[in-house]
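**Q** Got a structure for you, written out below as structure tokens; questions coming shortly.
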């Protein structure tokens, strides 16, 4: 089944914004659309809501993958505190 052009644009934009592959974004997007379609009584904005949810999922995964910082202070401030 071919996705509507609007869905393809959403997937492409999310892939570019999050630096994820289109395949991963497409899979997440399809999951969200299916979930929303099953639950929603009004189906006008499912694509928009699904796109937002996919972005949230990808950003949270990227944040979780980053190494934790010692402090949010700048390096020079950290040196002064240690001295």
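Here, each number is a calculation from the coordinates, and none is a lab measurement. Everything numeric here is computed off the predicted structure, so don't read it as measured data.
**Q** Report the extension gain between residue 49 and residue 31 in nm, rounded to one decimal, defined as 0.36 nm multiplied by the number of residues separating them, less their alpha carbon distance.
**A** 5.3 nm
**Q** Sticking with this one: By how many nm would the segment from residue 17 to residue 61 grow when fully extended, if each residue of separation counts as 0.36 nm and the alpha-carbon distance is taken off?
**A** Full extension of this stretch gives 14.5 nm more.
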